[in-house]
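Okay, structure first, notes after.
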Amino acid sequence: MAAFLPVERPVVPVALPSQRPTASDAIRKTAEEFEAVFLSELLAPIFENLDTDQLGGGGEGERAFRPLLVQEYAKEFAKAGGIGVADSVTRELLRLQAAQQEA
């Protein structure tokens, strides 16, 4: 007869009060997303003129999915620090939020 191991319920992580996202975390995330879109627009022309046979050899399929690749590159660049756009946007949005709370 086969022995059955007890099935344990999965542990669901619960955010502690100090780990819960704050308004400034949401602003930073939004600023990084904005920078990723900005970088994507800057990178798109670079990849536009590449021959599809050189990058991945995928022809029309690669041509169709190349914009998604550029978006992912831009997201990773922004996540790694980007070019400073997210920092400026975060700083400005926090300043505007503080001014609105004072009013």
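Bear in mind that the values in this text are calculations on the coordinates, not laboratory data. Fair warning: this is a prediction, and the values are worked out from it, not measured in the lab. FYI the Cβ positions are ideal-geometry reconstructions off the backbone, even for glycines, and counts take in every protein chain you see.
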Legend entry - Around residue 31: net Lys/Arg minus Asp/Glu count, Cβ-Cβ under 10 Å: -2
Legend entry - Overall Cα dimensions of the stretch 23-102 - principal axes, largest extent first, Å: 57, 18, 17
Legend entry - Under 15 Å, Cβ to Cβ, from residue 72 - net charge with Lys/Arg +1 and Asp/Glu -1: -3
Legend entry - FRET efficiency, 1/(1 + (r/R0)^6) with R0 25 Å, evaluated for residue 87 and residue 26 via beta carbons: 0.95
